[in-house]
Amino acid sequence: MASTFPTAPHADLRFSDARLAAIVRVLLLTGAFCLFAWIAWNAWHAIPAVDDFCYGHGAQQRGLWSNVVFEYFNWGGRFAATILISAFAGAQSLLLDHYYVVPLTILLLNLLAAWYFLGAVGLRSLAFYVLFCMMLMTTFRMRESLFWLSGGATYGTACALLLVLMAQEWKIYAGAVEAQGIRILWLALGGFLLAGFNEVASLVHLTLVVLLSGSLLLRQRRGTLYLLAALAALAGTLVAGLAPGNFARAASKAHDTSLVSALLMSLSLLVRKYAATVVLHSLIFFVLLWACRVTPGTRPQGLRPAVLIGVLLLALWAGIFPRAYALNELGPERSRTIDFLLVNVMAMVVALWLNGKRSARDDIARPVVAGLLGLVLLGAVGSAILIPKATILPLLNEMQESAALRRLMEERFVSVQQSDHQSLVVKAYTHEPKPITYFNDVLADPRQWENVCFADYFHLKEVSAR
């Protein structure tokens with residue numbers, strides 16, 4: 001006989017999709033808050049270094065526009081970046097007392113650009129925006145592209161402008177807006193100015209805009225007028241690339257790389273450095289899209305994901321190839337800020353496509369997300385406990401070193417003001433490892449260019465470090 005007594009209900013230990021999604025959002029938003037608090041701390045303690053003093057002295061001595069012309073003919077063609085650096089560094093009160101304005105402004109420009117880009121794509125979730133910015137900043141080469149005026153003006157600012165231009169081009173490609181009128185004029189101006197910030201972003205954008213023009217023409221849409229934007233981007237690239245200063249600087253360096261070697265090397269770097277990162281970031285973005293409840297309608301339709309990824313890969317290669325040819329490598333650390341921007345956009349396109357596929361088979365969402373979440377939690381907690389010297393402690397040490405470096409520089413500025421403006425010997429910065437804020441100290445030899453720039457800026461006869 002079956003028992004007639006009521007049985008106690010079993011506790012349902014399973015998480016609902018909504019609860020699991022909420023946990024993902026809380027964890028990652030907490031991580032984002034910690035990340036941006038860490039950035040703000042270091043931004044407050046950022047200090048001027050090397051090239052900042054060179055550009056500042058040039059602006060003080062020659063005037064802003066004359067210094068831009070001088071740099072164009074003697075050092076490089078980054079005319080837009082030279083204007084920003086010279087204007088800020090030429091004002092001594094800004095450079096010495098309010099340097100925090102530099103990283104905070106670059107950060108704000110990139111956050112605004114990310115909001116604009118996600119709006120153009122159709123991802124208007126505030127939670128996803130915060131998390132997208134977190135991904136953007138964790139791959140940002142912050143030491144040289146954010147916390148340093150001369151590097152940030154050339155790459156950090158260019159990253160924001162490139163993201164804005166890509167947003168407009170995404171909307172044109174998707175058919176959301178027409179390529180005509182004032183929009184083309186703004187795109188043309190933006191493409192020209194982007195070339196004046198740095199050549200990597202310029203070549204990336206030129207590749208995108210040329211391919212978009214061809215795509216519009218092949219699809220029998222009004223793409224003829226858009227060729228004006230492509231021509232403006234090409235004109236800016238030529239103006240910046242053919243600057244006499246580029247050739248003068250190149251003449252001082254040995255070069256023995258052939259075009260074929262550079263081609264093979266750049267393709268190898270493309271795979272070795274970024275293929276695994278695209279896959280990993282695609283999975284992370286997929287989790288974020290699911291957790292933020294992004295609707296499937298925001299994904300690109302038809303063959304667009306494959307086409308977009310192919311275009312972005314070609315644009316990424318276009319930025320890598322000249323660096324492989326000129327430098328036999330990926331170039332300075334700050335140049336990878338643009339690389340990782342494209343990597344993140346590619347990963348987002350893949351995640352949008354996966355998110356649409358998941359919507360059709362929603363039963364796989366919970367185990368996939370739960371598994372990924374478990375791996376992240378185990379990895380984060382385990383690494384913090386087992387190897388704190390490689391996880392938590394370096395971040396805390398970097399904050400302490402940033403503050404210590406700031407104090408040393410403030411003491412150095414006081415020593416300059418109290419000097420007789422002849423020869424000055426300053427205390428060298430000897431801490432290792434260096435902080436996340438960018439710094440390249442003056443050396444023992446007063447004839448080194450770092451020392452000369454510092455001495456010229458403060459009207460000293462010479463400076464050296466002990």
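Being within 21 Å of Trp115 (Cβ to Cβ) and either surrounded by 20 or more Cβ atoms within 10 Å (Cβ to Cβ) or in contact with a Gly (Cβ under 7 Å, 6 or more places away or on another chain) (or both) is the filter here, so list the residues in the stretch 166-186 that pass it.
Met166, Gln168, Glu169, Trp170, Ile172, Tyr173
Conditions: (1) at pLDDT below 70; (2) open to solvent by 50 Å² or more (accessible area, probe 1.4 Å); (3) within 18 Å of Gly31 (Cβ to Cβ). Leu393 meets all but one. Number of the miss?
That leaves (1) as the condition not met.
With the requirement that a residue be among the charged types (D, E, K, R), part of a helix (DSSP H, G or I) and within 21 Å of Tyr100 (Cα to Cα), what does the stretch 141-196 give you?
Pass one, the stretch 141-196, residues among the charged types (D, E, K, R): 141, 143-144, 169, 171, 178, 183.
Filter once more, so that each one left must be part of a helix (DSSP H, G or I): 143-144, 169, 171, 183.
Correct list: Arg143, Glu144.
Any idea how many residues of the stretch 90-110 are within 22 Å of the chain's Cα centre (by Cα) and open to solvent by less than 40 Å² (accessible area, probe 1.4 Å)?
So the answer is 6.
What number of residues within the stretch 187-210 are under 15 Å from the mean Cα position of the chain (by Cα) and open to solvent by 10 Å² or more (accessible area, probe 1.4 Å)?
Adding up the residues that qualify gives 2.
Quick one: is Glu199 under 18 Å from Ile309 (Cα atoms), at pLDDT below 90 and of a type outside the set (A, V, I, L, M, F, W, C)? Before you say what the answer is, go through the steps one by one.
Numbers: under 18 Å from Ile309 (Cα atoms): no; at pLDDT below 90: yes; of a type outside the set (A, V, I, L, M, F, W, C): yes.
Considered against the rule, which asks whether it is under 18 Å from Ile309 (Cα atoms), at pLDDT below 90 and of a type outside the set (A, V, I, L, M, F, W, C), Glu199 comes out as no.
Scan (1) of a type outside the set (Gly, Ala, Ser); (2) within 26 Å of His281 (Cα to Cα); (3) over 24 Å from the mean Cα position of the chain (by Cα); (4) surrounded by 17 or more Cβ atoms within 10 Å (Cβ to Cβ) for the single condition Tyr72 breaks and write down its number.
Result: Tyr72 fails condition (2) only.
Pick from Leu408, Leu460: which is without any contact (Cβ under 8 Å) to a residue 40 or more places away in the chain, among the aliphatic types (A, V, I, L, M) and either more than 29 Å from Trp41 (Cβ to Cβ) or in a helix (DSSP H, G or I) (or both)? Break it down into steps so the answer makes sense when it comes.
Numbers: Leu460 fails: without any contact (Cβ under 8 Å) to a residue 40 or more places away in the chain.
Exactly one of Leu408, Leu460 is without any contact (Cβ under 8 Å) to a residue 40 or more places away in the chain, among the aliphatic types (A, V, I, L, M) and either more than 29 Å from Trp41 (Cβ to Cβ) or in a helix (DSSP H, G or I) (or both), namely Leu408.
Rundown of residues vs (1) over 11 Å from the mean Cα position of the chain (by Cα); (2) at pLDDT 95 or above, yes/no style:
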{"position": "Arg141", "(1), (2)": "no, no"}
{"position": "Ser145", "(1), (2)": "no, no"}
{"position": "Ser150", "(1), (2)": "yes, no"}
{"position": "Ala160", "(1), (2)": "no, yes"}
{"position": "Lys171", "(1), (2)": "yes, no"}
{"position": "Gly175", "(1), (2)": "yes, no"}
{"position": "Ile182", "(1), (2)": "yes, no"}
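Which residues, counting only those in the stretch 180-195, are closer than 13 Å to Ala160 by Cα and not small (Gly, Ala, Ser)?
Leu193, Leu194, listed by residue number.
Only one residue in Val278, Val287, Val260 is assigned to a helix (DSSP H, G or I) and modelled with pLDDT of 85 or more, so which one is that?
That would be Val278, the only listed residue that is assigned to a helix (DSSP H, G or I) and modelled with pLDDT of 85 or more.
Scanning the stretch 434-463 for residues that are more than 18 Å from Gly90 (Cβ to Cβ) and β-branched (Val, Ile, Thr), which turns out surrounded by the fewest Cβ atoms within 10 Å (Cβ to Cβ)?
Out of the qualifying residues, it is Ile436.
Yes or no: Val414 buried (at least 18 other Cβ atoms within 10 Å of the Cβ) and either farther than 26 Å from Met142 by Cβ or in contact with a Pro (Cβ under 7 Å, 6 or more places away or on another chain) (or both)? Let's see the steps before the verdict.
Numbers: buried (at least 18 other Cβ atoms within 10 Å of the Cβ): no; either farther than 26 Å from Met142 by Cβ or in contact with a Pro (Cβ under 7 Å, 6 or more places away or on another chain) (or both): yes.
Judged against the criteria, Val414 is not a match.
On the given criteria, is Arg466 open to solvent by 20 Å² or more (accessible area, probe 1.4 Å), touching a strand residue (DSSP E or B) at 6+ places or on another chain (Cβ under 6 Å) and of a type in the set (Lys, Arg)?
yes
Could you pull out the residue among His421, His431 that is open to solvent by 30 Å² or more (accessible area, probe 1.4 Å), at positive phi and in a loop (DSSP other than H, G, I, E, B)?
His421
Under 7 Å between Cβ atoms, which residue pairs at least 6 apart in sequence (or on different chains) link something in the stretch 333-345 that is touching a residue at least 60 places away in the same chain (Cβ under 8 Å) with a partner that is surrounded by 24 or more Cβ atoms within 10 Å (Cβ to Cβ) and among the hydroxyl-bearing types (Ser, Thr, Tyr)?
Close Cβ pairs satisfying both conditions: Arg334/Ser145; Arg334/Tyr155; Ser335/Tyr155; Thr337/Ser145; Thr337/Tyr155; Ile338/Tyr155.
If you take the residues in the stretch 211-249 that are modelled with pLDDT under 75 and of a type in the set (A, V, I, L, M, F, W, C), which one is surrounded by the fewest Cβ atoms within 10 Å (Cβ to Cβ)?
Leu218
The values are calculated or read from the model by the stated rules, or taken from the named source; none is laboratory data. Computed from a prediction, not measured in an experiment: that's the story for all the values here. Using ideal geometry, Cβ is built from the backbone for each residue, glycine included, and neighbour counts are taken over all protein chains shown. In case anyone asks, the SASA skips ligands and DNA or RNA and just uses the protein heavy atoms, side chains included. Shrake-Rupley method; radii C 1.70, N 1.55, O 1.52, S 1.80 Å.
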